[in-house]
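Engineer: Pasting a structure below so you can have a look.
The values are calculated or read from the model by the stated rules, or taken from the named source; none is laboratory data. It should be emphasised that the depicted structure is a prediction, and the values quoted were computed from it without experimental measurement. With ideal geometry, Cβ positions are generated from the backbone for all residues, glycine too; neighbour counts draw on all protein chains shown. Just the protein is used for accessible areas: all its heavy atoms, side chains included, with ligands, DNA and RNA removed. Shrake-Rupley method; radii C 1.70, N 1.55, O 1.52, S 1.80 Å.
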Amino acid sequence: QEVQEDLNKQLFDNLVNFLRRSHSEFQEKTTEWTCRMKSREIPTAALVLGVNVTDHDLTFRSLSEVLQNNVTPYIALLEAKECPGIKNLLQKLMGQLMNCYVDVDSLEDEDNVQVSQNRMRCSMTSLVSWYESVTKKTDSETPRKRRNSSSRPWQSPPVVVVFKDMESFTTKVLQDFIVISSQHIHELPLILIFGIATSPMIIHSLLPHSVSSLLCIELFQSLSSKEHLSTVIDKLLLTAQFPFKLGEKVLQVLINIFLYHDFSVQNFIKGFQLCIVEHFYSQPLSILCCKPVDAKKRVNSLSHNQCENVRRLPSFRRYVESQASEKQIALLTTDSYLKEIIQKLLEDLQVYHENYVSVLRCLHVFTSSLPKYPLGKQIRELHCACLEHQVWETEEYESSLQLARMLNKSDLVTMLQRCVEILLSSSGKEFDKTVEKLKEFLTQFQKLEAEACQEQDVSLSSQKELQKKTDLYHLQKTLLELKESRRSKKLTKFEMLRFEVVEYLDSLVRNYLVPADHKTLHEIVYFNTASVLREHLNAAPRIALHTALNNPYWYLKNQALKSDGGGISNKVPDICIVYKLHLECGRLINLVDWLEAFSTVVTAAEGPNTDSASSAQVDDVIHARFIRAVSELELLGFIKPSKQKTDHVARLTWGGC
């Protein structure tokens, strides 16, 4: 929430300024507003939010709070599904606005408002009358009551109407509302906000020129969802503040769902929350996934079984194998010694995370400034590459180093300065020497600049001397010397220093950007089970339906529903019986045969009953249950009525899941 507020702050500030500017013109009755009144123009903000529609609700809620705190209490949020006609739109608009005005301190006033809302005819004239009465009442409030009421920035605050999903509104509804509103703009300070997911051109596609000319439109563009996601990953994942981490495969699954499905940051956050729940539920040692302050206490409270779980971790096994034989015996037999080592390893893991994030940001400073982006432009792409494997062994990394060796001096100096700032602000304690080395590089670049100025003066003087030499022999000799020097050209001081800077950056990458799965006890803080995440997030509705209808025990966990073999139990729900029977049929299913089979399964446990009616007659209750089950199966899309035979239905699904 804090990240989203920071990202939207500039956008909301611009909107607030637009509303204030538009409304101040109405209050002051300026010449511009008079012109607008003559042309009946309505101030309109076209807010382009992008195609990530699932994130729009949160944005509009935040915008509503900001406007209520800074501009006006009279805000209405309208959705297309609630406004199929102009009458519904006006009802929704007046209902929300009047609820804004209800005075919670006075029950009598609240009752009056509710009665008037129910009885008042929903029209723009009624809305204007209500607004005039509200503003008059606000003017006549006593100072004491005004302090108790909600803060109102102006004496006559504007009425803001937000169309959350403009593309979904019908053209007729929008046209009628805009035309009607424009006729009352001199009485009602109305301001419109259009929430747009696609392009501002949709306004001109939905509205003819005669209607769009009634709007004074100003465009506002929010940050793209990709930039939003990069900021969220940067603030939440690339930090040592939170001990829980996502593995490379899991992070890639979440990013792929974001890029190829919905562009929704909210859904990414939900997936992240699901990873947290799954990790702490499935990993017995997740109790140690905590901040360093609490880690020591939790390590000391480990039971013998939990110590055995630590010994079974693959990364810890590799660690034990790398130790001397005496330490191996102590680690595998002595719990107290094991706890000391666990405490040390967790501290090392915390230090690794702090250093990893700082060096990753420094590497991103270089890779994002290159003319091409072999490792990706966004830091999330670089992070995934470093988690997946040793990044310095990839071709993309080598290409990035080659491009870095061709950077000019000003770019290199800027990058080094940014790296110094990153390392100084990091919590890692191992970067003092690194910062000194980077500052030394900066000092050398400054010296090179001074020497370059002197060499330039010398070259100018030599050229002047060369021009003075009129003798052909001396001139030819000098030119041959210049040609020979160019052939055997050595690296300049700048090129050597640039090469040294790139090599030093490469050494930092090799030391600090080791993949997390190379670290001992990484299983405690990293969630790597991507398959579980895919099962939860990648919907497979047909498989889920087949599993639920074919084996209801899988979801209900009721022992009575547990079936042995391929038989059909009469204890399962009726729709499960009907579904299993329909799997045994062909393209067309005879309803009479289906009913008899259903009746046989349902009455199987009761045994033969001589006092019952004849077998040709089916019990009415069983018949009703069968009809309901078949209707439910049709609703789910497994069957449909057949036009060939009236007493048959057609099967729609084939094959196994």
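Engineer: Take the residues in the range 354-378 that are polar (S, T, N, Q) and touching a helix residue (DSSP H, G or I) at 6+ places or on another chain (Cβ under 7 Å); name whichever of them is surrounded by the fewest Cβ atoms within 10 Å (Cβ to Cβ). Steps first, answer last, please.
Structural biologist: The initial filter retains those residues of the range 354-378 that are polar (S, T, N, Q), namely 355, 358, 367-369, 378.
From the residues that got through so far, the ones that are touching a helix residue (DSSP H, G or I) at 6+ places or on another chain (Cβ under 7 Å) too are 355, 358, 367, 369, 378.
Values: ASN355: 24, SER358: 25, THR367: 24, SER369: 16, GLN378: 19.
Top of the filtered list is SER369.
Engineer: Looking at the range 617-635, I want the residues that are closer than 18 Å to LEU581 by Cα and of a type in the set (Phe, Trp, Tyr) and have a partner that is modelled with pLDDT of 95 or more and open to solvent by 60 Å² or more (accessible area, probe 1.4 Å) with Cβ atoms under 8 Å, at least 6 apart or on another chain. Which pairs are those?
Structural biologist: Partner pairs satisfying both residue conditions: none exist.
Engineer: May I ask you to say which residue of VAL48, VAL71, VAL3 is modelled with pLDDT of 90 or more and open to solvent by less than 50 Å² (accessible area, probe 1.4 Å)? Write out each step before concluding.
Structural biologist: Working: VAL71 fails: modelled with pLDDT of 90 or more; VAL3 fails: modelled with pLDDT of 90 or more.
That would be VAL48, the only listed residue that is modelled with pLDDT of 90 or more and open to solvent by less than 50 Å² (accessible area, probe 1.4 Å).
Engineer: Find the residue count for the range 584-623, including only residues that are modelled with pLDDT of 80 or more and either farther than 18 Å from PHE638 by Cβ or in contact with a helix residue (DSSP H, G or I) (Cβ under 8 Å, 6 or more places away or on another chain) (or both).
Structural biologist: 19
Engineer: Another question, if that's okay. What is the one condition in (1) over 30 Å from THR646 (Cβ atoms); (2) at pLDDT below 90 that VAL502 does not satisfy?
Structural biologist: (2)
Engineer: Do you know which of the residues in the range 537-552 that are open to solvent by 40 Å² or more (accessible area, probe 1.4 Å) and outside any helix (DSSP H, G or I) is nearest to LEU581 (Cα to Cα)?
Structural biologist: ASN551
Engineer: Confirm whether ILE185 is within 30 Å of LEU89 (Cα to Cα) and modelled with pLDDT under 90. If you could, list the steps in order and put the result at the bottom.
Structural biologist: Values: within 30 Å of LEU89 (Cα to Cα): yes; modelled with pLDDT under 90: yes.
In short, yes.
Engineer: Considering GLU430, GLU381, GLU388, which residue is open to solvent by 30 Å² or more (accessible area, probe 1.4 Å), free of Cβ contacts under 8 Å to residues at least 24 places away in the same chain and in the same structural domain as LYS235 (by the TED database)? Walk me through it before giving the result.
Structural biologist: Working: GLU430 fails: free of Cβ contacts under 8 Å to residues at least 24 places away in the same chain; GLU388 fails: free of Cβ contacts under 8 Å to residues at least 24 places away in the same chain.
Going through GLU430, GLU381, GLU388 in turn, the sole match is GLU381.
Engineer: For the range 234-279, name all the residues that are of a type in the set (Lys, Arg), modelled with pLDDT of 90 or more, assigned to a helix (DSSP H, G or I) and within 22 Å of ALA385 (Cβ to Cβ).
Structural biologist: Of everything in the range 234-279, just one residue is of a type in the set (Lys, Arg), modelled with pLDDT of 90 or more, assigned to a helix (DSSP H, G or I) and within 22 Å of ALA385 (Cβ to Cβ), namely LYS249.
Engineer: Hey, another quick one. Quick one: MET201 ticks every box in (1) touching a helix residue (DSSP H, G or I) at 6+ places or on another chain (Cβ under 6 Å); (2) among the hydrophobic types (A, V, I, L, M, F, W, C); (3) free of Cβ contacts under 8 Å to residues at least 60 places away in the same chain except a single one, so which number is it?
Structural biologist: For MET201, the failing item is (1).
Engineer: Sticking with this structure for a sec: Can you tell me which condition GLU481 does not meet? The list is (1) more than 28 Å from GLN444 (Cβ to Cβ); (2) modelled with pLDDT of 85 or more; (3) of a type in the set (Asp, Glu); (4) out of contact with any strand residue (DSSP E or B) (no Cβ under 9 Å at 6 or more places or on another chain), and all the others hold.
Structural biologist: Exception for GLU481: condition (2).
Engineer: Moving to a separate point now. Go through the range 318-421 and tell me which helices (runs of 4 or more DSSP H), entirely inside it, have 3 or more residues that are within 28 Å of the chain's Cα centre (by Cα) and within 19 Å of ASP506 (Cα to Cα). Can you show your working first?
Structural biologist: Details: elements: 325-333, 335-367, 379-388, 395-404.
Of the helices (runs of 4 or more DSSP H) lying wholly inside the range 318-421, those with at least 3 residues that are within 28 Å of the chain's Cα centre (by Cα) and within 19 Å of ASP506 (Cα to Cα) span 335-367, 379-388.
Engineer: Just to be sure, is ARG119 farther than 21 Å from PRO73 by Cα, at pLDDT below 90 and not aromatic (Phe, Trp, Tyr)?
Structural biologist: yes
Engineer: On to the next question. How about the range 502-536: which of its residues are farther than 30 Å from SER399 by Cβ and open to solvent by 20 Å² or more (accessible area, probe 1.4 Å)?
Structural biologist: Answer for the range 502-536, where residues must be farther than 30 Å from SER399 by Cβ and open to solvent by 20 Å² or more (accessible area, probe 1.4 Å): THR520, GLU523, THR529, SER531, VAL532, ARG534, GLU535, HIS536.
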